[in-house]
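Read-outs: derived from the displayed coordinates by stated rules, not from any lab. Here the structure is a predicted model, which is why all the values come from computation and not from measurement. Because the Cβ atoms are built from the backbone with ideal geometry, glycine has one as well, and the counts that use them run over all protein chains shown.
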Amino acid sequence: MVHEALEGLVLSHPQVVAYDPEHQIVTRAHPAAGKVGLLSGGGSGHEPLHAGFVGVGMLDVAVPGAVFASPTALQLHDGTLAADSGCGVLHIVKNYTGDVLNFTIARELADENGIRTAAVLVDDDLATDITGGADGDEDEGHPGRRGTAAVVALEKICGAAAEAGAPLDELAELGSDVVARSSTMAFALEAGTHPGQSRAAFDLDPSEVEFGVGIHGERGTSRIGFAPADDLVAHLVGPLADALDLRRGTEVIAIVNNLGSAYPLETYVAARAVHRQLAARGVTVARSLVGPYVTSLDMHGISVTLVRADDTLLSHWDAPVHTPALTWGGTR
């Protein structure tokens, strides 16, 4: 299924992306030269992430694994070789144990091949934040926050900076700054169903909403009662605004993400609620994305990502981009 989908992606966007079926990597149709390469990857089932963001202004290479499974270290190594044009490669890694392990091995293999790499770990999911205790430390051995839709902002912003000629160390620093400025939370009305399975990952009554869900069908942190959209979205916006210390006059990039099978009508209702609730706090939505960007198969739900913005981030956000899933600025 994954191979067929990737072939379909390339057949649909032949001027933008190419597919190497032997190594199962997606590259730019016309690889860039003289810039730092950007590589990301992870399990399939989250489309358009990551292959849909390969192209001018974003990624050079995407490495898809099986559904909800990390790509192998060898796949990631092959992707690193493809992304390198002599200036090094930035790995953008969502914080899941398999991804972290295999990206680490791939970086070691790249080092043996004389390719400089750096990595940025995306860990934006506020629902899995376990900090905030008396000493502020995380539990030893806990993997920390999951990586979710803030990865789209990171790929866009670092992608623009790479196109402008930023060196590897500067891109890694920029990426870490974007992560530090980002938080995400999500809820689901229905769980997703894995291909080949007859039942969803978890069951919900029509009167229940799963709050704090992950993008691999993970259960949430709590169940709340079904309520009007403004009330449900408030359960997301309030904690995000507090976590990011969004004060009056702050600007943000807001990503209102359809987790798979929410209707556009519902997604825009959620976007309206995000704008209104942030405006009530005196926070300006300077830029936004609304739609399916990081999905979880057919999960019926919404995630909201807020990125505390500044002029530098907004400049990189506005820079031209041309990928299968994200295009503006007229770049081909």
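Numerical summary
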| read-out | value |
| --- | --- |
| Cβ-defined net charge surrounding ALA273, 12 Å radius [Lys, Arg +1; Asp, Glu -1] | -1 |
| DSSP beta bridge pairing in the range 182-308, given as percent antiparallel to the nearest 5 | 70 |
| Potential lengthening between ASP242 and GLU266 on full extension [0.36 nm per residue; Cα-Cα distance subtracted] | 6.1 nm |
| Inter-part distance where the range 199-254 and the range 93-112 are each reduced to a Cα centre, Å | 30 |
| With Cα atoms, 0 to 90° folded angle of helix 97-112 axis to the chain main axis | 20 |
| Degrees, to the nearest 10: 264-280 long Cα axis against longest axis of the chain | 70 |
| Ranked list, fewest to most other Cβ atoms within 10 Å of each Cβ, for LYS156, LYS35, LYS94 | LYS35, LYS156, LYS94 |
| Fewest-first sequence of TYR19, TYR293 by Cβ atoms within 10 Å of each Cβ | TYR19, TYR293 |
| Residue order, fewest to most surrounding Cβ atoms within 10 angstrom, among SER288, SER207, SER261 | SER207, SER288, SER261 |
| The chain: most fluctuating residue of ASP203, ASP311, ASP230 per GNM, C-alpha cutoff 10 Å | ASP311 |
| Positive-end residue, the chain charge dipole about Cα centroid, Cβ charges, pick of LEU74, VAL151, SER12 | SER12 |
| Positive-pole candidate from VAL294, GLY98, ASN113, dipole of the chain, charges at beta carbon | VAL294 |
| Residues in the range 169-196 that a label on ARG223 would reach, taking backbone N under 14 Å of a point 7 Å out along Cα→Cβ | 188-191 |
| Difference of contour (0.36 nm per residue) and Cα-Cα distance, GLN15 to SER207 | 64.5 nm |
| THR104 versus THR193: modelled label distance in nm, points set 7 Å from Cα along the beta carbon direction | 3.8 |
| Percent of beta bridges antiparallel (DSSP, the chain, rounded to nearest 5) | 55 |
| Longest segment of the chain lacking GluC sites (Glu not before Pro) that sit in a DSSP loop with at most 15 other Cβ atoms within 10 Å | 141-332 |
| Angle in degrees between helix 2-12 and the longest Cα principal axis of the chain, rounded to the nearest 10 | 80 |
| Option label - Cα Rg over 2.2 N^0.38 Å computed here, alternatives (1) 1.54; (2) 1.01; (3) 0.95 | (3) |
| Neighbour net charge for ALA201 - beta-carbon separation under 13 angstrom, K R +1, D E -1 | -3 |
